[in-house]
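The values are calculated or read from the model by the stated rules, or taken from the named source; none is laboratory data. In this text the structure is predicted, and so the values were computed from the model without any measurement. Glycine also receives a Cβ, built like all others from the backbone with ideal geometry; neighbour counts cover every protein chain displayed.
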Amino acid sequence: MILKSIIVILFIAILVSLFTGLRFLVKDLGDSKRRLFNSLGMRVTLAALLIATIVYGAATGQIGSQAPWDKQLHPDASQTTPQRSTKP
């Protein structure tokens with residue numbers, strides 16, 4: 001659960017950095033692009049951390065797919081409902 005929270009926090013931080021960079025782009029109007037490039041560097045770093053966190057979660061099995069098309073990956077999950085017999 002904590003890994004999923006970290007992923008959500010990183011994603012929100014990327015969005016905040018994206019809109020901060022947009023604000024710097026509009027506010028500076030061609031003066032110094034230093035703040036804009038710093039915002040871009042922060043966004044790239046956060047994206048790399050997000051990808052690394054997702055890869056770590058997938059590798060350790062903390063985040064996994066429970067989609068119906070992944071039944072071959074989780075054969076024990078395919079029998080979630082017990083089979084009823086038709087005998088009286």
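For region 8-42, filtering for residues that are modelled with pLDDT of 95 or more, touching a Leu at 6+ places or on another chain (Cβ under 7 Å) and not small (Gly, Ala, Ser) leaves 3. Of all the residues in region 1-42, those that are under 14 Å from the mean Cα position of the chain (by Cα) and in a helix (DSSP H, G or I) number 14. Close Cβ contacts (under 8 Å, 6 or more residues apart or on different chains) running from residues in region 2-13 that are surrounded by 12 or more Cβ atoms within 10 Å (Cβ to Cβ) to residues that are of a type in the set (Phe, Trp, Tyr) comprise 3/56. The residue of region 26-35 that is nearest to residue 62 (Cα to Cα), among those that are out of contact with any Ser or Thr (no Cβ under 9 Å at 6 or more places or on another chain) and surrounded by 11 or more Cβ atoms within 10 Å (Cβ to Cβ), is 33.
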